[in-house]
């Protein structure tokens, strides 16, 4: 745990707002899922689904990952953040742009508000990208984890540029191919290039740390890095230049092999762990690593088709994205929140008093019981929503959406219990 903070770490005022905004976004996301209801059974390009997807990947996933990354930079790069002021400005511009972008999708303002929201989002992410890249320039540490993170930053740049072009295309219609073709490119740039690579870089640092696992085979990570990037570059070239999916299976094999190598690395960490009993945070983390295999299986169904109806394939495609965002990414964030945020707040409040007074432990800053209930409701909600997509059931959508709302409520209860924790010091 001590490795989570160094003298180079940013102030709490840089990190904490990202966790708070992400938690609120997670709750809003749950409300949007309840309100969307039967729209979730529509094709994946339905405006309500697109709005939900963007509040999930930007307001929830990207926002909290950026906050966590600011705290982890001293570990991975061994240098301080280039500019804390830029990070604070970036947060507010990013927050406003997320709200505007998601709202523009929800109300179908594709040719008006969406363009301005996309420009603001581009500016905010350029600030973040510049801050991280300028920070990395000062670093002398060259690890495979750092390589994953920096490469993901470049893929994020491609994702946001592609998204901005798509937003302008709604109004000016300059793309030579159908709009959905570029939406597919945008989605894979973001989900594979940005999220997957970044999460592998961060998780391969944190998972062994929290398991207390040593002497792992980092060659698996190196091969994973090259395979995932090779497959993604191959997909982009194929889709941009030919749009014929001639090598889609080869690229699928590259990316899938890279994911499996990361899974194997994480499994090695689990087997060699010195900390045998898993707390709720690590239980959820283990579930997320297992869930990373589901999109691989679903993608085979989408590519092979197996003489399935077009309507069913559209729902399977929606589930493919759902399994990545809500099965893998969300599960990992939920778990790692309980491993990182309590310690960050604990350091802010109690570091000067260590050894001088009786103080609580980081795990005392939240309710373990609430976290356990949150885990059960999360698993139930994801399972029911998955079944709803496969069986085209409005009833299951309704049940699953309310289970997810309970999950978000429990998570926010613990989140604000942590960030609003009042110092409790007793004499030895």
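The values are calculated or read from the model by the stated rules, or taken from the named source; none is laboratory data. This structure is a prediction, so every number in the text was calculated from the model and none was measured. Here Cβ is always computed from backbone atoms with ideal geometry, including for glycine, and neighbour counts include all displayed protein chains.
Data overview
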quantity	calculated
Test for residue 49: is it touching a residue at least 40 places away in the same chain (Cβ under 8 Å) and buried (at least 17 other Cβ atoms within 10 Å of the Cβ)	yes
Criterion (touching a residue at least 40 places away in the same chain (Cβ under 8 Å) and either assigned to a helix (DSSP H, G or I) or surrounded by fewer than 18 Cβ atoms within 10 Å (Cβ to Cβ) (or both)) met by exactly one of 165, 133, 191	191
Check on residue 323, more than 19 Å from the chain's Cα centre (by Cα) and either buried (at least 18 other Cβ atoms within 10 Å of the Cβ) or at pLDDT below 95 (or both)	no
Residues of region 268-315 satisfying the condition of being assigned to a loop (DSSP other than H, G, I, E, B) and free of Cβ contacts under 8 Å to residues at least 40 places away in the same chain	276, 277, 278, 292, 293, 305, 306, 307, 308, 309
Qualifying residue in region 140-152 (condition: at pLDDT 95 or above, farther than 25 Å from residue 230 by Cβ and either in contact with a strand residue (DSSP E or B) (Cβ under 6 Å, 6 or more places away or on another chain) or assigned to a helix (DSSP H, G or I) (or both))	no
Members of region 251-265 that are free of Cβ contacts under 8 Å to residues at least 24 places away in the same chain and in contact with a helix residue (DSSP H, G or I) (Cβ under 7 Å, 6 or more places away or on another chain)	251
So residue 185, is it under 30 Å from residue 47 (Cβ atoms), in contact (Cβ under 8 Å) with a residue 24 or more places away in the chain and either buried (at least 22 other Cβ atoms within 10 Å of the Cβ) or touching a helix residue (DSSP H, G or I) at 6+ places or on another chain (Cβ under 8 Å) (or both)	yes
Residue within region 402-424 that is at pLDDT below 95, in contact with a helix residue (DSSP H, G or I) (Cβ under 7 Å, 6 or more places away or on another chain), assigned to a helix (DSSP H, G or I) and surrounded by fewer than 19 Cβ atoms within 10 Å (Cβ to Cβ) present	no
Residue in region 279-290 that is crowded, with 17+ Cβ neighbours inside 10 Å, within 25 Å of residue 185 (Cα to Cα) and at pLDDT 95 or above present	yes
Subset of region 377-392 that is at pLDDT below 95 and surrounded by fewer than 17 Cβ atoms within 10 Å (Cβ to Cβ) - its residue that is nearest to the chain's Cα centre (by Cα)	390
Single unsatisfied condition, residue 232 versus (1) closer than 30 Å to residue 376 by Cβ; (2) not in a loop (DSSP other than H, G, I, E, B)	(1)
Options 339, 358; residue that is in contact with a strand residue (DSSP E or B) (Cβ under 6 Å, 6 or more places away or on another chain) and farther than 30 Å from residue 41 by Cα	358
Test: residue in region 85-97 that is surrounded by fewer than 16 Cβ atoms within 10 Å (Cβ to Cβ), more than 16 Å from residue 59 (Cα to Cα), out of contact with any helix residue (DSSP H, G or I) (no Cβ under 8 Å at 6 or more places or on another chain) and free of Cβ contacts under 8 Å to residues at least 40 places away in the same chain	yes
Count - residues of region 346-376 that are crowded, with 20+ Cβ neighbours inside 10 Å, over 24 Å from residue 195 (Cα atoms) and at pLDDT 95 or above	3
